[in-house]
Amino acid sequence: MIAFDLFCENDHVFEAWFKDRDTYEEQSRRGLIECPICGNNNIKKRPSQFAIMKGGKREAQGEGLSERDAAIEVLKRIHSYVMKNTEDVGTKFAETALKMHYGVLEPKNIRGVATEEQEKMLQDEGIDFFKLPVLSKQRGEGDS
């Protein structure tokens, strides 16, 4: 897996994940990539700079780690941050997000699950959220 920072002709910036660089190129050539904000499919790739700390040594993506391993490492770190800094509201994600949006509940960082219908409703209400891929646990892998 590889992540790219992309932008549309309306300067909306977003991230997208692809199997590999060739998959991105093919989907881009065919006009299959679409801006999640405005639906525009005139998409360009923006240079993305991120680094991974491993053993106290800074390694740039692609140097010392495969693209897949680098992406998994980044996802593990994001997952760890989200788990430590959010409250799990489970299946009440949409309901809780709406209540916070309309001032019924104090705003806080939450995580949970929502159906496609609930996601669409949250988007229609102007509530920002993002979906985080879940990594399956493999034998010998701990929660990092």
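Quick notes
- Pair list, Cβ under 9 Å, 6 or more apart: the range 19-34 residue over 20 Å from Glu67 (Cβ atoms), other residue at pLDDT 90 or above and assigned to a helix (DSSP H, G or I): Leu32/Glu26
- Residues in the range 100-118 that are surrounded by 14 or more Cβ atoms within 10 Å (Cβ to Cβ) and either assigned by TED's automatic domain parsing to the domain that holds Ala16 or part of a helix (DSSP H, G or I) (or both): Met100, His101, Gln118.
- Matching option when the condition is under 17 Å from Phe130 (Cα atoms), at pLDDT 85 or above and assigned to a loop (DSSP other than H, G, I, E, B), among Ile37, Ile33, Ile78: Ile37
- Residue tally, condition in a loop (DSSP other than H, G, I, E, B), at pLDDT 90 or above and either touching a strand residue (DSSP E or B) at 6+ places or on another chain (Cβ under 9 Å) or surrounded by 11 or more Cβ atoms within 10 Å (Cβ to Cβ) (or both), over the range 119-144: 2
- Of all residues in the range 1-45 being surrounded by fewer than 13 Cβ atoms within 10 Å (Cβ to Cβ) and of a type in the set (Gly, Ala, Ser), the one that is nearest to the chain's Cα centre (by Cα): Gly39
The values are calculated or read from the model by the stated rules, or taken from the named source; none is laboratory data. Keep in mind the model is a prediction, meaning the values are calculated, not measured. Virtual Cβ from ideal backbone geometry, glycine too; neighbours counted across all protein chains shown.
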